[in-house]
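Before I ask anything, let me first share the structure, which is written out below as structure tokens.
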Amino acid sequence: MKKLLLFFIPLFAATQVLAEFQRAENGMVSSRSDIASEVGKDILAQGGNAIDAAVAVGFALAVSYPSAGNIGGGGFMVYRSSEGEVYTQDFREKAPRAAHRDMFLDENGDVDRNLSRNSLLATGVPGSVAGHLDALERFGSMSREQVMAPAIQLAEEGFILNEDLASQFADNLPRFEQYPASLATFSNNDQAYQAGDLWQQPELAETLRRIAAEGRDGFYKGPVADMLVASMETHDGLITHADLESYQPLWREAVHGSYQGYDIWSMPTPSSGGILLIEMLNMLEPYNLGELGWGSTESIHLMIEAQRRAYADRAEHLGDPDFYEVPRQMLLSKEYARQRFADFDPQRASDSQDIDAGNWPAESPQTTHYSIIDAEGNAVSITTTLNASYGNKFVVPGAGFLLNNEMDDFSSSPNTPNGFGLIGREANAIAPEKRMLSSMTPTIITRDDEVFLITGSPGGSTIINTILQVVINTIDHDMNIDDAVNSPRFHHQWLPNIVRYEEGAIQESVVQELRALGHVGISLSPFRIGDANSIMVVEDAYEGVSDSRNDGGVAGF
Ligand code: GLY
């Protein structure tokens with residue numbers, strides 16, 4: 001096979017610590033993996049544009065950040081060209097053709113959560129490879145071989161594991177043990193890897209080589225597809241060759257809103273993220289959150305009430321627009337937000353009906369976000385996922401990549417919460433070839449036709465509220481990007497009717513005042529909320545931050 005390593009790249013070490021904050025003038029990449037950010041920066045420095053870098057980072061994350069970076073999953077991209085055109089790409093997974101509405105129900109009609117999350121039935125048809133290659137073809141300037149070379153080298157030569165990855169692998173070892181290829185990939189001869197060990201992925205390198213050489217056919221047809229389909233056949237999954245061959249990413253019209261004179265560009269359905277973000281901002285715009293003050297009882301009460309109403313709308317109205325008529329214009333309109341928020345009572349929390357209906361996610365939500373800008377001002381915001389951390393934990397034997405368990409993002413049964421405690425109904429019911437509803441919220445904000453902010457986050461249902469708070473911090477509270485991203489956050493999602501907050505997000509006296517208003521179940525979050533790797537444009541420079549809640553890195557030049 002053709003040798004693809006066009007550039008000399010030193011052996012990668014996940015222990016190299018890149019900055020969590022950088023200011024630079026020519027280009028910037030912020031991601032959950034310092035290695036992947038460095039890959040993206042190198043592509044920019046070699047003259048690649050933001051899309052070249054985004055595709056290089058996407059493939060690099062599949063190697064260096066395997067819990068969420070992927071080729072076996074999917075995601076969404078918002079791209080704004082330096083000419084001011086905004087595009088969104090939907091490379092979300094699809095239900096296989098043999099999927100059906102009741103596929104996760106047991107004989108009593110209850111949702112079998114083991115099946116919807118931990119089996120190969122949980123896997124949607126992957127979209128990442130098709131999405132990245134399509135974006136490269138449409139907007140990139142470099143060849144596939146050039147942008148994939150770093151990921152291939154990274155997988156083949158390996159890199160030194162840091163404490164973060166080594167401990168993730170060790171923690172998940174009992175789950176990897178159920179599948180031999182997963183155990184082989186994530187253990188050192190069946191023993192836990194240690195920080196400082198070299199980690200190589202030769203099978204993944206070979207798969208990436210095939211994709212670099214053959215394009216999407218290297219993944220959706222031929223030996224890689226054969227290995228994936230063989231796994232489905234031996235483990236009762238549904239994905240067929242026809243499912244793989246017919247997968248197509250889609251370019252969709254961005255959702256657009258305005259807030260305090262800024263323009264918000266974000267992801268439409270099948271992600272709920274953009275619509276909910278704009279709906280909440282529309283509800284909050286008439287109130288001066290800046291004057292009310294960050295962390296004040298009044299501003300938190302307002303934001304919780306906006307969250308409650310928007311997430312209730314998510315459950316009722318949002319799903320794949322190719323299968324369900326989503327009332328997009330209604331939900332995005334300022335008039336609708338005004339009416340929806342008309343019953344807001346500054347003195348009283350409203351009731352979420354049926355407060356027992358949801359559960360808090362039992363598992364740390366995993367997805368990952370990266371932001372990129374190049375010297376011309378082309379901006380890319382991408383969020384990608386396997387759904388749960390390491391998806392369904394199944395590595396395809398011979399092909400070396402993990403499968404997603406995204407089917408759990410469907411509403412398997414009306415009003416039964418999914419892995420993120422989210423409720424859904426008809427709009428998000430399972431159907432063949434339908435895309436499952438997401439919360440991913442890759443977003444670009446402009447002011448006077450110039451990029452102001454590139455942001456997004458992982459975190460399942462908490463993603464949208466994470467981005468809401470980053471946006472409000474920058475616009476209403478005039479924070480720089482470092483403070484806007486690293487300030488503590490809170491989350492409410494209608495059902496379950498509880499508020500979770502990171503330490504410092506809500507002062508104890510404010511907790512008492514919110515309780516007095518009727519906000520029940522306010523408590524510290526068991527998880528960090530979000531990981532918003534973001535970039536802000538300031539005067540004539542870019543400021544990038546990798547969220548300090550997690551390891552990651554920002555690389556600018
Ligand atoms: N799997 C998480 C999401 O798409 O929202």
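The values are calculated or read from the model by the stated rules, or taken from the named source; none is laboratory data. Note that the structure is predicted; figures quoted are calculated from it, not measured. Cβ sites come from the backbone with ideal geometry, for glycine too, and all protein chains shown count toward neighbours. Surface accessibility is based on the protein's heavy atoms, side chains included, excluding ligands, DNA and RNA. Shrake-Rupley method; radii C 1.70, N 1.55, O 1.52, S 1.80 Å.
So which GluC sites (Glu not before Pro) in segment 247-332 are both in a DSSP loop and have at most 10 other Cβ atoms within 10 Å of their Cβ? Working shown, then result.
Values: sites: Glu253, Glu279, Glu291, Glu298, Glu305, Glu316, Glu325; in loops: Glu253, Glu325.
Passing sites in segment 247-332 are Glu253, Glu325.
Using the heavy atoms of the protein chains and a 1.4 angstrom probe, tell me the accessible area per residue for segment 91-209 in square angstrom.
Working: 4760 Å² over 119 residues.
Accessible surface, normalised per residue, equals 40 Å².
I need two numbers for segment 32-181: Rg to one decimal and Dmax as a whole number, Cα atoms only, in Å.
18.3, 59
What residues qualify as long-range amide H neighbours of Asp197, i.e. H under 5 Å apart, gap of 5 or more or another chain, H built at 1.01 Å from N?
Leu161
Residue by residue through segment 68-77, which ³J(HN,Hα) values in whole Hz follow from phi under the Karplus form 6.51 cos²θ - 1.76 cosθ + 1.60 (θ = phi - 60°), with glycine and proline marked x?
Values per residue, Gly and Pro as x: 9, x, 6, 10, x, x, x, x, 9, 10 Hz.
Considering amide H positions built from the backbone, and no H for Pro or chain starts, which residues 5 or more places from Thr240, or on another chain, come under 5 Å of its amide H?
Arg97
Quick check: net charge around Asp42, other residues with Cβ under 13 Å of its Cβ, Lys/Arg +1 and Asp/Glu -1? Let's see the in-between values first.
Working: positive: Lys41; negative: Asp34, Glu38, Asp52, Asp374.
Result for the local shell: -3.
Ok, one more. Translational diffusion coefficient of the chain at 4 °C, 1.567 mPa s, Stokes-Einstein with Kirkwood Rh over Cα pairs, in µm²/s as a whole number. Spell out each step's value before the answer.
Values: Rh = 23.1 Å.
Estimated diffusion coefficient is 56 µm²/s.
What is the sum of charges around Glu20, taking Lys and Arg as +1, Asp and Glu as -1, for the other residues whose C-beta is under 11 Å from the C-beta of Glu20? The partial results should precede the final answer.
Values: positive: Arg549; negative: Asp34, Asp482, Asp547, Asp551.
In short, -3.
For every other residue with a beta carbon closer than 12 angstrom to the beta carbon of His301, add +1 if it is Lys or Arg and -1 if Asp or Glu, then tell me the sum. It would help to have the intermediate numbers written out before the result.
On the way: positive: Arg308, Arg348, Arg515; negative: Glu298, Glu305, Asp345, Glu513.
Once positives and negatives cancel, what remains is -1.
Specify, per residue and in Å³, the volume enclosed by the convex hull of the alpha carbon atoms belonging to segment 386-448. Don't skip to the answer; put the middle values down first.
Working: hull volume 10.2 nm³, N = 63.
Spread over its residues, the Cα hull of segment 386-448 gives 162 Å³ apiece.
Of all the C-alpha pairs in segment 92-239, what % are more than 22 Å from each other?
Counting pairs separated by more than 22 Å, the tail of P(r) holds 55 percent.
Take every Cα-Cα pair in segment 300-450 and report what % of them are more than 24 Å apart.
The share of Cα pairs beyond 24 Å in segment 300-450 comes to 49 percent.
Could you tell me the center-to-center distance, by alpha carbons, between segment 131-157 and segment 386-422 in angstrom?
First find each Cα centre; the distance between them is then 26 Å.
In whole angstrom, how far apart do the alpha carbon centroids of segment 486-534 and segment 259-295 sit?
Cα centres, segment 486-534 to segment 259-295: 18 Å.
How would Lys434, Lys94 rank on accessible area, largest to smallest, probe 1.4 Å? Show your work: numbers first, answer last.
Working: Lys434 10, Lys94 30 Å².
Putting Lys434, Lys94 in descending order of accessible area: Lys94, Lys434.
Using the membrane-span-like helix rule (whole DSSP H runs, Cα extent along the own axis of at least 15 Å, mean Kyte-Doolittle hydropathy at least 0.5), which helices of the chain qualify?
Values: long enough: 34-45 (16 Å, 0.42); 50-64 (20 Å, 1.99); 128-139 (16 Å, 0.19); 144-157 (19 Å, -0.27); 163-176 (19 Å, -0.54); 202-214 (18 Å, -0.33); 222-234 (18 Å, 0.70); 273-284 (16 Å, 1.68); 297-317 (30 Å, -0.87); 463-475 (18 Å, 1.75).
Helices meeting the span and hydropathy rule in the chain are 50-64, 222-234, 273-284, 463-475.
Here is a further query. Using a probe of 1.4 angstrom, how much of the accessible area of the chain is carbon and sulfur, in percent? Can you show the working numbers first?
Values: 8610 of 18910 Å².
In the chain, the share of accessible area belonging to carbon and sulfur is 46 percent.
Quick check on the chain: helices-only [θ] at 222 nm, where DSSP H runs of length 4 and up contribute -39,500 (n - 2.57) each and the sum goes over total residues. Nearest 500, please.
On the way: 19 runs with 194 residues, N = 557.
Result for the chain, helices only: -10500 deg cm²/dmol.
Which whole-number value in Å² is the accessible area per residue of segment 240-355, probe 1.4 Å?
Details: 4740 Å² over 116 residues.
Accessible area per residue: 41 Å².
HN-Hα J couplings of segment 88-101 from phi, Karplus 6.51/-1.76/1.60, θ = phi - 60°, integer Hz, Gly and Pro as x?
For segment 88-101, the Karplus curve yields 10, 10, 9, 10, 5, 5, 10, 5, x, 4, 8, 5, 8, 3 Hz.
Please give the peptides 458-467, 130-139, 174-183, 219-228 ranked by average Cβ packing (other Cβ atoms within 10 Å per residue), highest first, as a rough proxy for protection. It would help to have the intermediate numbers written out before the result.
Details: 458-467: 28.7, 130-139: 21.7, 174-183: 16.5, 219-228: 20.0.
Ranking the peptides 458-467, 130-139, 174-183, 219-228 by packing returns 458-467, 130-139, 219-228, 174-183.
Moving to a separate point now. Based on the Cβ-Cβ distance of Asn550 and Ala242, what FRET efficiency does E = 1/(1 + (r/R0)^6) give at R0 = 35 Å, to the nearest 0.05? Write down the numbers at each step before the final one.
On the way: r = 39 Å, r/R0 = 1.10.
Efficiency, from the Cβ-Cβ distance: 0.35.
Here's a follow-up. Just from the alpha-carbon atoms, what are the Rg and Dmax of segment 248-389 in angstroms?
Taking only Cα atoms of segment 248-389, I get Rg and Dmax of 16.9, 51 Å.
For segment 396-496, what value does the Rg/Rh ratio take when both radii are computed over Cα atoms and Rh is the Kirkwood radius, given to two decimals?
Details: Rg = 17.2 Å, Rh = 16.0 Å.
Looking at segment 396-496, the ratio lands at 1.08.
Hey, if we sort Trp494, Trp251, Trp294, Trp199 by accessible area with the 1.4 Å probe, largest down, what's the order? Walk me through the numbers on the way to the answer.
On the way: Trp494 30, Trp251 75, Trp294 100, Trp199 0 Å².
Putting Trp494, Trp251, Trp294, Trp199 in descending order of accessible area: Trp294, Trp251, Trp494, Trp199.
Spelling out what I want: for every residue of segment 238-243, take phi, set θ = phi - 60°, compute 6.51 cos²θ - 1.76 cosθ + 1.60 (Karplus), and round to whole Hz; glycine and proline get x.
Ordered by residue, 3J(HN,Hα) equals 10, 5, 10, 4, 5, 4 Hz.
At q = 0.14, 0.21, 0.22 Å⁻¹, what log₁₀ I(q)/I(0) does segment 130-184 have when each alpha carbon counts as one equal point scatterer in the Debye sum?
Reported log10 I(q)/I(0), two decimals: -0.64, -0.86, -0.87.
Any idea of Phe323's accessible area? Nearest 10 Å², probe 1.4 Å.
100 Å²
Would you kindly calculate the translational diffusion coefficient of segment 164-301, applying Stokes-Einstein with the Kirkwood radius from alpha carbon pairs, for 4 °C and a viscosity of 1.567 mPa s, and quote it in µm² s⁻¹ without decimals?
Working: Rh = 20.1 Å.
Using the Kirkwood radius from Cα pairs, D works out to 65 µm²/s.
Here's another thing I want to ask about it. Just how much of Val538 is accessible, in Å², when a 1.4 Å probe is used and the result is rounded to the nearest 10?
My reading of the accessible area for Val538 is about 30 Å².
Got a sec? What order do Lys334, Lys41 fall in by accessible area at 1.4 Å, biggest, i.e. largest, first? Walk me through the intermediate numbers first.
Details: Lys334 90, Lys41 40 Å².
Result of the area sort, largest leading: Lys334, Lys41.
Still on this structure, please answer the following. How much solvent-accessible surface does His477 expose, in Å² to the nearest 10, with a 1.4 Å probe and all protein chains in place?
Its heavy atoms expose roughly 40 Å² to the probe.
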